[in-house]
Amino acid sequence: MNQVFETPMYPYVRQADQDAATTTRHQVIVVGAGPIGLAAAIDLAQQGIEVVVLDDNDRVSTGSRAICFAKRPLEILDRLGCSAAMVEKGVQWNKGKVFFDERQVYDFDLQEEDGHAFPAFVNLQQYYLEQFLVDRVRELQAEGAPIEIRGRNKVSAVGSHPDHVTIEIDTPEDSYNLHADWLIACDGATSPMRVMLGKDFVGRVFEDNFLIADVVMEADFPSERWFWFDPPFNKGQSALLHKQPDGVWRIDLQLGWGVDAETEKRPENVIPRLKEMLGDDVKFELEWVSIYTFQCRRMEQFRHERVIFAGDSAHQVSPFGARGANSGFQDTDNLCWKLKLVMDGNAPESLLDSYDSERILAADENILNSSRSTDFITPKSGMSRVLRDAVLDLSEKFEFARPLVNSGRLSVPCTYDGSSLNSADALNGPDRSRPGSPCPDAPLSDGFLLPKLAGKFTLLTIDADAPDVIEEDGITVTRLALSLKNDPTLALKDRYLGEATSGVYLIRPDQHVAARRPSFDDKLFRAAIRRATGKE
Amino acid sequence: MSDLTLTPNIDGADDFYAELLATHDGLSREESDALNARLVLVLSNHIGDRTVLAQALAAATLKISA
Ligand SMILES: Cc1cc2nc3c(=O)[nH]c(=O)nc-3n(C[C@H](O)[C@H](O)[C@H](O)COP(=O)(O)OP(=O)(O)OC[C@H]3O[C@@H](n4cnc5c(N)ncnc54)[C@H](O)[C@@H]3O)c2cc1C
């Protein structure tokens, strides 16, 4: 099989920087060409910032790792020019089954709300996602954007200073140094950058091992998520089956603590287990097998002077709930517009403190959810197992118990309640679009709402007057004038007005609500703009 | 705000208690634990109100007085 992840996508090439007489200084260096580093680089390059991505490898993720991508990251990746390929290649699903012991206890349909451009989830191998991101980098380069990826450039030392960062890089030929105004560390859960800077990474280690196998099989299992608690083929443990494109299936088998990973990983041990699960007559081939253990932890602070951590380097969760990469994209979405304003001198450096507080709030929410799923899947005491089994037994007969079954609470974006960038809520509107919320999408008569709000400050008016443009201390806010007359499905009314008859929203470049009122008020909205950019 | 009822509230208390015991008749310790757990969940769902449930959890610890 010729896999995308076996082909060098950004092979080592000697750079002029390696032979320069004096150390070159770049605007932004991103360490790590995983999904989060690539997203950060694309976002910055789209805003005209010069960015260099360094990666110690030269190819995309081996094996799929992340497979499940949620609506909010798809909306973010849409702004970065990658969603169409993901949706086209990905498998959409919204149904699932839950099994306990030998029986199916119930099935579910996520019953998505209508009126969104993107589905609740698509399943796609991480290597495809990374390939689409690299394709997008190439496209930007062809348009002349200042972005590059340097493969087999391993950062081996870092020095942090109040106004710049210095690094040393090892290449297959030699070592060289670079300076950067800013550095974004997206070097994954084991983050050498974090270690080199001596920063903490504390949290909870779960005493458990999971065997993950991606198998290629021709089977008529539907595109559903199947989860087993305590199945006959994996007694006392759990199992998960989930579909990916190209006839690849993700199988996740919990193994428990105290197993020998190297032994368990051998095909002669994996294959019989899978046969027991799938039945003897199903033909399959192993694409990728790995054993993982996991932890839920985060850095105490994501920003250290001019080094900013994002993605797994900053926080790590268990895979249940697919909150890893999904939350990492929200990190860079939150960071990049702020960094652009600071770099251009249009906002104080302290605006970046809100990256820390908002994304730490999100990381804690993700860690909480993923820890709870893990505690349900692997009860930590006799009584928690009794209660867990009681929930599962009841769920077969009574609907009320089903919301208590927790095999992963799938990733949803965080609302930045209490953020210093929010202005007090002054509209008697729906809770879901209160200040701090990610804007819900809505179908308008000329296309979806979210693309109209992407990448800039917007004053969204619904049946309300306001100036077309507001300039406030270097920040330009453009108006998007909407009316319930262009609201064919009433989604706009439902999601942004509720009981109110008009509304004016100040929306950040990352499509989060900063302020809202029933009508425009020059003084109050100028104050809200200053607040949303860290100026008061 | 509704409050947890901590004064006598069951008509025919002795009959109810006998029914509760009878439900456990013939069960092993393990089966009884499971039944109790299911009962807690059924009743909790019926109550629904998180304030009342929180008061019930606290009352069950015996660490508060009425
Ligand atoms: C089994 C499994 C299933 C998962 N399922 C999901 C899922 O369904 N949905 C989801 O959202 N997430 C999932 N995740 C999590 C997801 O894979 C990670 O959150 C995601 O890969 C993090 O991306 P990242 O860019 O932060 O880090 P990584 O993908 O780890 O990338 C880090 C990059 O940094 C490079 N690097 C490291 N050190 C250096 C150095 N010194 N110099 C230069 N480069 C360096 C590495 O080579 C690598 O390319 C899963 C993870 C696992 C293990």
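Quick notes on this one:
- For region A:431-532, DSSP calls about 75 percent of its internal beta bridges antiparallel.
- Cβ-Cβ FRET estimate between A:Arg138 and A:Asp17, R0 fixed at 22 Å, reported to 0.05: 0.60
- Cα-based shape type of region A:148-212, given that a ≥ b ≥ c are square roots of the gyration tensor eigenvalues and the cut on a/c is 1.5: oblate
- Taking every alpha-carbon pair within region A:19-164, the share separated by more than 20 Å comes to 58 percent.
- Relative to the longest principal axis of the Cα atoms of chain B, the long axis of helix B:13-23 lies at roughly 50 degrees.
- Among A:Tyr292, A:Asn326, A:Val158 the positive-end extreme of the charge dipole of the protein assembly as shown (Cβ point charges): A:Val158
- When +1 charges are put on Lys and Arg Cβ atoms and -1 charges on Asp and Glu Cβ atoms, the dipole computed for chain A relative to its Cα centre reaches about 840 debye.
- Excluding same-chain neighbours fewer than eight residues apart, the lysines reachable from A:Lys243 by a Cα-Cα span under 20 Å are A:Lys71, A:Lys89, A:Lys95, A:Lys97, A:Lys275, A:Lys283.
- A cut-off under 13 angstrom between Cβ atoms defines the neighbours of A:Phe206, and their net charge, with Lys, Arg +1 and Asp, Glu -1, is +1.
- Student exercise, region A:71-204 dipole from Lys, Arg, Asp, Glu Cβ charges, in Debye to nearest 20: 280 debye
- Tail weight of P(r) past 38 Å, computed on alpha-carbon pairs of the protein assembly as shown, percent: 40 percent
- With helices as the sole contributors, chain A gives -8000 deg cm²/dmol at 222 nm; each DSSP H run of n ≥ 4 counts as -39500 (n - 2.57), and the sum is divided by every residue.
- Taken about its Cα centre, region A:215-308 carries a charge dipole of about 520 debye when Lys and Arg each add +1 at the Cβ and Asp and Glu each add -1 at the Cβ.
- Comparing A:Gln511, A:Ile470, A:Leu459 along the charge dipole axis of region A:431-532, the residue lying farthest to the positive side is A:Gln511, per the Cβ-charge model.
- Equivalent-ellipsoid semi-axes of chain B, from the Cα gyration tensor, Å, largest first: 24, 15, 12
- As a ratio to 2.2 N^0.38 Å, the alpha-carbon radius of gyration computed for region A:298-357 takes the value 1.19.
- Those chymotrypsin sites (Phe, Trp or Tyr not before Pro) in region A:250-355 that DSSP places in a loop and that have at most 13 other beta carbons within 10 Å: A:Trp257
- For region A:362-392 and region A:472-529, distance of Cα centres in Å: 39 Å
- Percent of Cα pairs exceeding the 16 Å cut-off, where the set is region A:431-532: 51 percent
- Inter-centroid distance (Cα atoms) of region A:53-117 relative to chain B, Å: 42 Å
- Candidate aspartates and glutamates for bridging to A:Lys380, where Cα separation is under 14 Å - those fewer than 8 sequence places away on the same chain excluded: A:Glu207, A:Asp208, A:Asp389
- Here the extension length gained between A:Val282 and A:Lys452 equals 56.4 nm, from 0.36 nm per residue of separation less the Cα-Cα distance.
- Across all directions, the shadow cast by the convex hull of region A:334-450 built on its C-alpha atoms averages 12.0 square nanometres.
- Taking max minus min of the alpha-carbon positions on each principal axis, region A:388-427 gives extents of 47, 21, 13 Å, largest first.
- Gyration tensor verdict on region A:492-536 (Cα atoms; rounded if a/c is under 1.5, prolate if a/b is larger than b/c, oblate otherwise): oblate
Throughout, read-outs are computed from the coordinates displayed, never taken from laboratory work. All values derive from a computational prediction rather than experimental measurement. No Cβ is skipped: glycine too gets one built from the backbone with ideal geometry, and neighbour counts run over all protein chains shown.
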